[in-house]
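Student: Quick one: this structure, given as structure tokens, is what I'll be asking you about.
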Amino acid sequence: MPRPVPLRRLLVALLLACAVLAGSTACGSDDEGSGASSSASPSGTSSAEAQKWAKTRFVANAGLAAGATYQWIVKPYRAGKFKKGADGRTFALVKAGLAGGFAYNRLKAATTSAKGDPLLSKAVAPLTAGIASLKGLGTKLRDGEAGAGDIGVFESVINGIKEAGKSAGVEVKDKVPSTSQLGG
């Protein structure tokens, strides 16, 4: 007498068969008159468009970095949230650490975007050393080891980026990122 096949095996086999069937029918089309060409190549953008988008990306990234720095580093520091015994100190330090890492990341992205515009790249080039110096400050902030000098470095780099944008003809405005954006 043949042994009965467990229901679980039948369901797995059925699901696999359906997945293979659906995958093979969705992969290709024998329609030659569909109008879509399989050898379509992407069209390039003009250098003027590339420069426009470079400025746009620069402004967006620099604005996010400036907003995060001011909202979660400078403002709490001035309010005394980082001092020992302050109410909500641990939470403020953690947010400042995340904001520091986020600001560093966005500033690096802003300098990369600035390379697409000749005027912006010249204006931002002197600031790359200052941006590189911010690399470990996020961790210092998170651990509660940052002082007034460290906060001043963040402020000066952000102000330098804003001035570089202004000299290139674009205005960088603070844009405060959400807390979910800080976490990545």
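Student: When you check residue 121 against the structure, is it open to solvent by 10 Å² or more (accessible area, probe 1.4 Å) and more than 24 Å from residue 81 (Cα to Cα), yes or no?
Tutor: Considered against the rule, which asks whether it is open to solvent by 10 Å² or more (accessible area, probe 1.4 Å) and more than 24 Å from residue 81 (Cα to Cα), residue 121 comes out as yes.
This table checks each residue for (1) modelled with pLDDT under 90; (2) over 16 Å from residue 178 (Cβ atoms); (3) within 16 Å of the chain's Cα centre (by Cα).
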| position | (1), (2), (3) |
| --- | --- |
| 74 | no, yes, no |
| 82 | yes, yes, no |
| 86 | yes, yes, no |
| 92 | no, yes, no |
| 102 | no, no, yes |
| 113 | no, yes, yes |
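Student: Let me ask something else about it. Just to be sure, is residue 145 open to solvent by 20 Å² or more (accessible area, probe 1.4 Å) and under 23 Å from residue 56 (Cα atoms)?
Tutor: no
Student: Something else now. Could you tell me which residue of the range 107-118 is nearest to residue 63 (Cα to Cα), considering only residues that are open to solvent by 60 Å² or more (accessible area, probe 1.4 Å) and assigned to a helix (DSSP H, G or I)?
Tutor: 108
Student: Looking only at the range 132-184, count every residue that is of a type in the set (A, V, I, L, M), in a loop (DSSP other than H, G, I, E, B) and within 19 Å of the chain's Cα centre (by Cα) and tell me the total.
Tutor: 3
Student: Let me ask you something else. Give me a count of the residues in the range 77-95 that are open to solvent by 40 Å² or more (accessible area, probe 1.4 Å), under 22 Å from residue 65 (Cα atoms) and not in a helix (DSSP H, G or I).
Tutor: 2
Student: Taking the residues in the range 112-148 that are touching a residue at least 40 places away in the same chain (Cβ under 8 Å) and of a type in the set (Val, Ile, Thr) as candidates, determine which candidate is nearest to residue 98 (Cα to Cα).
Tutor: Top of the filtered list is 139.
Student: Can you pull out the residues in the range 157-184 that are hydroxyl-bearing (Ser, Thr, Tyr) and open to solvent by less than 70 Å² (accessible area, probe 1.4 Å)?
Tutor: 178
Student: Checking residue 130 against (1) surrounded by fewer than 22 Cβ atoms within 10 Å (Cβ to Cβ); (2) at pLDDT 90 or above, which test does it fail?
Tutor: (2)
The values are calculated or read from the model by the stated rules, or taken from the named source; none is laboratory data. Note that this is a predicted model, so its numbers are computed, not measured. Counting neighbours? That spans all protein chains shown, and the Cβs are built from the backbone with ideal geometry, glycine included. The area values use the complete protein model at the heavy-atom level, side chains included, leaving out ligands, DNA and RNA. Shrake-Rupley method; radii C 1.70, N 1.55, O 1.52, S 1.80 Å.
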